[in-house]
Structures are given as structure tokens and as C-alpha cells.
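Heads up: the structure comes next, in C-alpha cells.
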């Protein structure tokens, strides 16, 4: 009886989650099939489920398992990481407009990655460089936004935008210093945001960081619920606000750094996915973390599919550019219709 009551109470949410999972699986399947060479869905499923008896020849298996599959999973990890990071930052600041891209975290991580690549740092250390840059940027923004009465939301966003501009200028300067080298060209393309050419070697370390960040976020779901009502109210309910903010910020930076090390600067995912998750699945923090991650993964996978198939035979579109075309109008929509407030 208790289970039946729960089912009737949450039937609508359960149905939406199932539809979201179907969407995610559908996008994954279409992405693995699509490209310069079409692979039939039945062949894709047979190869993924029973690789020893794959109907594909060796070259087609190479395309599927070593090119398309790691790229698609990279897009999923990037989307899930940015969406969860955005959800954490929005809860931390009680503002819908908070996003890793707008609060300077992405740009700080991007500057650190550019410096590491030009310096010739081994790729296994690039995620660590992204984390260090993102954490440094978050500290700077937090210090600039601090007031005697607490953190100013307006200062937080304005400081983040200003810091993003500074980090972007420094990144461009590094590219100019590097001249016309292959590394400089790679960084320039990386700034536009892309998951092209990513393999298992690049995906593995960043995915490990992202997994730790997601686990931290989920473990903080109850404190996040208290923090969402405001710092003063949360403190009156016995929450150690300072400690909670540090842990949540660390998880957000960890997730953002993992994403930036893989895809470069991809904006607005951390704003769009949490907003849609709240609208579709309510405000339960545990459910919100999971659904934000799934929506973010689906959004980036769809955008990457469009980026590599929209211009057949020509150079593919940058992933970050496509998402900016979506995120810019969405940002304006939030400003004029919701004023950025979550409370």
C-alpha cells in the first residue's frame, strides 16, 4: 500500500525520468550510428553487446569503438559535469544565472590548461591544471564578491564576467606568444569548445575526476536543501554554512575542471540543464542532481551530433559556438522573465 501511494504521488515525475532516459539512450544510439559512414543500429547494438561476434569488419569496429564511442561518452561526461557544476553554483548563490562559464570558473580552468599545454605538460596532468585554475578563479571571485553581510550575488556575477574577460585575454596572449605552432592552433580550436578527436586516454582521467565530483555533490544533497533557503535560515537550522559552501564549491570546481580539460570552453550548459531539471522534476536536491546531469549529457550529445553532421564534408562546427547560440537567448530569457532568482 505504501509503495502504491508513493507511485501515485510521484507517477508524473517517474514518467518524466523514464522519458529522459529514453531520450538519452536514443541520442546515444543515433550518435553512434551517424557520421561520414552510417552504421546500422542493429550492428551497433550487436557490436556493443557482443563484441566478440560483431557483424562489422575490423575497420568499422575501429571507427565505432575507438573514434565514435569515446567521443560520445566524452560529450556525455562534459554535459553531466557542467550541468551538475551549474546546479551547485546556482544553489550556492541562490541565483539561476550562476554558471561555470559566467562565474569565471571555466575561464580560469581554461587559462591554466592553455598554459599547461604550451609548457608541454603531460596530458595526464592537464585535468589537475584545470582544477587548479578553476579553484583559483573561484577564490578570486568569492573574495571580490564578499561583503560584511555575506556574499553579494550581483558582485559574484559581475566579478565572474570581469575575470572571464581577463582570463580570455591572457589565454589569447599565450597563443600569440606560442606563435604559429601546432600547440597554439590546438589551443585556439580548443577555446571554441569541442570534443573532436577525444579518445579513451583523454577520457579516463577526466571521467575519474567527474565521478568524484558527482559523488561529492550527491553526498551534499541534504545540506544543499538547507542552503537553498538562504544562508541565514540554513545557519539557524544548525548548518555549518562556511564548511558547506567550501565543499560545494570544491565539487563544482572539480566537475568544471574535468569538463574543461576535455572540451575547452563550453558555456551555458550549466545554466540551461539545471533550469529545465527544476521545471520538469521539482526541487528535490537528490533528484535534481541526477536529472541535471542526465539533461546536461543529452544536451551536449545532441549539440555534438549537430556539430559533426551539419556540415557534411566540411570542417565541423565548434561545439561551444552552437551552445552559445542556444545559451545566449536563454540567458536573456532568464534575465527578463525570472530575474535570476531561485528563491
Can residue 190 be described as loosely packed, with under 15 Cβ neighbours inside 10 Å, more than 23 Å from residue 21 (Cα to Cα) and touching a residue at least 40 places away in the same chain (Cβ under 8 Å)? no
Residues being over 14 Å from residue 252 (Cβ atoms) and surrounded by 18 or more Cβ atoms within 10 Å (Cβ to Cβ) - total across the stretch 202-222: 5
Mind listing whichever residues of the stretch 139-170 are at pLDDT below 80 and touching a helix residue (DSSP H, G or I) at 6+ places or on another chain (Cβ under 9 Å)? 142, 145, 146, 147, 150, 151, 152, 153, 154, 155, 156, 157
Quick check, is residue 277 in a helix (DSSP H, G or I), buried (at least 24 other Cβ atoms within 10 Å of the Cβ) and at pLDDT 80 or above? yes
Within the stretch 250-271, can one find any residue that is surrounded by fewer than 20 Cβ atoms within 10 Å (Cβ to Cβ), under 25 Å from residue 205 (Cα atoms) and either at pLDDT below 85 or in contact with a helix residue (DSSP H, G or I) (Cβ under 7 Å, 6 or more places away or on another chain) (or both)? yes
So residue 155 clears everything in (1) in contact (Cβ under 8 Å) with a residue 40 or more places away in the chain; (2) in contact with a strand residue (DSSP E or B) (Cβ under 9 Å, 6 or more places away or on another chain) except one condition, right? Which one? (1)
Counting only helices (runs of 4 or more DSSP H) entirely within the stretch 179-234, those with at least 2 residues that are modelled with pLDDT under 80 and over 20 Å from residue 258 (Cβ atoms) are 182-191
Go over the candidates 314, 306 one by one and state the one that is at pLDDT below 80 and more than 17 Å from the chain's Cα centre (by Cα). 314
For the stretch 285-317, enumerate the residues that are free of Cβ contacts under 8 Å to residues at least 24 places away in the same chain, in contact with a helix residue (DSSP H, G or I) (Cβ under 8 Å, 6 or more places away or on another chain) and surrounded by fewer than 19 Cβ atoms within 10 Å (Cβ to Cβ). 306
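The values are calculated or read from the model by the stated rules, or taken from the named source; none is laboratory data. Keep in mind that this is a model prediction, so the values were computed, not measured. A quick note on method: Cβ atoms are made from the backbone with ideal geometry, for glycine too, and the neighbour counts reach across all protein chains shown.
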